[in-house]
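Participant: Here it is: the structure, laid out below.
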Amino acid sequence: MPPLYTRGMVPDFVDRHSIVRTIWGNPDLVLLIFAGSAAEFALNRAVDWLFFTGEIPRDPIGRLFSTVRYAQEIVFVDEEKARRTLERINARHASVEQDRGQTIPDWAFRDVLYMLIDYSERSYTLLNRPLSESQKRDLFEVFLRIGEALHIPELPKTYAEWKLDRHRHLVRDLNYSQHTAMLYQSYRRHLGIWRYYLLLEVQALLVPREVRRLLRLNSNPLISGLAQVYGLIDSGNLQSLVHTVLIPPRYWAEVRQFDRTASAV
């Protein structure tokens, strides 16, 4: 879907009626996206790059928030501002590669992009309903443009092609390692015990079977039922439910700043 134009004739990077704005402007959905991604990326064969910078193991919640801010600076701004943010991300990656003296593998960049597409869809489906075929195409096409701006090579050109390549990446690029265990120890340390176990329950609902198997996650029927009830109740009454149960209180005010529902349409 092509971007719309604002009153000043500056094109938005993402169409104002795009499902991507609906998903990424909802704090609860954003947190679910990163709950799923936190599980899968802990298994990724390129997870050692996180330990080189030390940012996620040291402060996983703070890194989550900075990533959300980057994403919203792409999704909810005009084309020019989004391109500047994407170039900052490119520069950040180049700096890390120079410091380490290695190049981040192309397949690792695709893995991260694919995760954001997949968990955007899975999170919306969990709390609302399955995306329509046109919404799936819209979601994919927005992230394809992001991937191209980040100079990620060999990206699929259609949603159907992406589904096939996504499965290939899941089968090939995941394994349980010492870094997996260390990241989960960090999650537990920063979330506290009961929020950590709620995170595991949420992850079990969200992640593909390949991830569930490697992490030995088992979905809880009670949690699954609560997720279905959530989708039937007006979001105004339960807007903060997910971040209330998953994020420690000291972060709640910052999470509320992610709410862009008024900008989603």
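Participant: Of all residues in the range 185-227, count the ones that are among the charged types (D, E, K, R), modelled with pLDDT of 95 or more and buried (at least 16 other Cβ atoms within 10 Å of the Cβ).
Facilitator: Here the count works out to 2.
Participant: Then there is this: Scan (1) within 21 Å of Ile19 (Cβ to Cβ); (2) in a helix (DSSP H, G or I); (3) touching an Asp or Glu at 6+ places or on another chain (Cβ under 9 Å) for the single condition His190 breaks and write down its number.
Facilitator: (1)
Participant: Tally up the residues in the range 104-145 that are modelled with pLDDT under 95, among the β-branched types (Val, Ile, Thr) and in a helix (DSSP H, G or I), please.
Facilitator: Residues in the range 104-145 being modelled with pLDDT under 95, among the β-branched types (Val, Ile, Thr) and in a helix (DSSP H, G or I): 2 in total.
Participant: With in contact with a Pro (Cβ under 8 Å, 6 or more places away or on another chain), β-branched (Val, Ile, Thr) and either closer than 25 Å to Arg137 by Cβ or modelled with pLDDT of 75 or more (or both) as the only criterion, which of Val20, Val30, Val10, Val14 stands out?
Facilitator: On the way: Val20 fails: in contact with a Pro (Cβ under 8 Å, 6 or more places away or on another chain); Val30 fails: in contact with a Pro (Cβ under 8 Å, 6 or more places away or on another chain); Val10 fails: in contact with a Pro (Cβ under 8 Å, 6 or more places away or on another chain).
Unique residue meeting the criteria: Val14.
Participant: From the residues in the range 138-172 that are more than 18 Å from the chain's Cα centre (by Cα) and β-branched (Val, Ile, Thr), which one is nearest to Glu87 (Cα to Cα)?
Facilitator: Of everything passing the filter in the range 138-172, Thr158 is nearest to Glu87 (Cα to Cα).
Participant: Next question, about the same structure. Here are some residues: Leu241, Leu246. Which one is crowded, with 17+ Cβ neighbours inside 10 Å and either under 19 Å from the mean Cα position of the chain (by Cα) or modelled with pLDDT of 80 or more (or both)? Don't jump to the end; show me each part of the working.
Facilitator: Numbers: Leu241 fails: crowded, with 17+ Cβ neighbours inside 10 Å.
The conditions single out Leu246.
Participant: Consider only pairs whose beta carbons are under 6 Å apart and that are at least six residues apart or on different chains; among these, list those whose first residue lies in the range 62-81 and is at positive phi and whose second residue is assigned to a strand (DSSP E or B) and surrounded by 19 or more Cβ atoms within 10 Å (Cβ to Cβ).
Facilitator: Correct list of pairs: empty, since none qualify.
Participant: Taking only pairs six or more apart or across chains, which ones have beta-carbon atoms under 7 Å, a first residue in the range 120-132 that is touching a residue at least 12 places away in the same chain (Cβ under 8 Å) and hydroxyl-bearing (Ser, Thr, Tyr), and a second residue that is assigned to a loop (DSSP other than H, G, I, E, B) and surrounded by 13 or more Cβ atoms within 10 Å (Cβ to Cβ)?
Facilitator: Here the result reads Tyr124/Leu131, each pair linking the range 120-132 to a residue that is assigned to a loop (DSSP other than H, G, I, E, B) and surrounded by 13 or more Cβ atoms within 10 Å (Cβ to Cβ).
Participant: Please identify the pairs in which a residue from the range 38-53 that is surrounded by fewer than 16 Cβ atoms within 10 Å (Cβ to Cβ) has its Cβ atom under 7 Å from the Cβ atom of a residue that is polar (S, T, N, Q), counting only partners at least 6 apart or on another chain.
Facilitator: Arg45/Asn175
Participant: Name, by its number, the condition in (1) β-branched (Val, Ile, Thr); (2) buried (at least 20 other Cβ atoms within 10 Å of the Cβ); (3) free of Cβ contacts under 8 Å to residues at least 40 places away in the same chain that does not hold for Ile23.
Facilitator: (3)
Participant: Now a separate question. Just checking, how many residues over the range 193-222 are small (Gly, Ala, Ser) and in a helix (DSSP H, G or I)?
Facilitator: The number of residues fulfilling the criteria is 1.
Participant: Let me ask another. Got a number for residues in the range 111-134 being under 19 Å from Ser219 (Cα atoms), of a type in the set (S, T, N, Q) and buried (at least 17 other Cβ atoms within 10 Å of the Cβ)?
Facilitator: 1
Participant: Now, a different point. Which condition from (1) closer than 14 Å to Gly147 by Cβ; (2) surrounded by 20 or more Cβ atoms within 10 Å (Cβ to Cβ); (3) of a type in the set (Val, Ile, Thr) is the one that Val68 breaks?
Facilitator: All conditions are met except number (1).
The values are calculated or read from the model by the stated rules, or taken from the named source; none is laboratory data. Just so we're clear, the structure is a prediction, and the values are computed from it rather than from any experiment. Cβ atoms come from the backbone with ideal geometry, glycine included; neighbour counts cover every protein chain shown.
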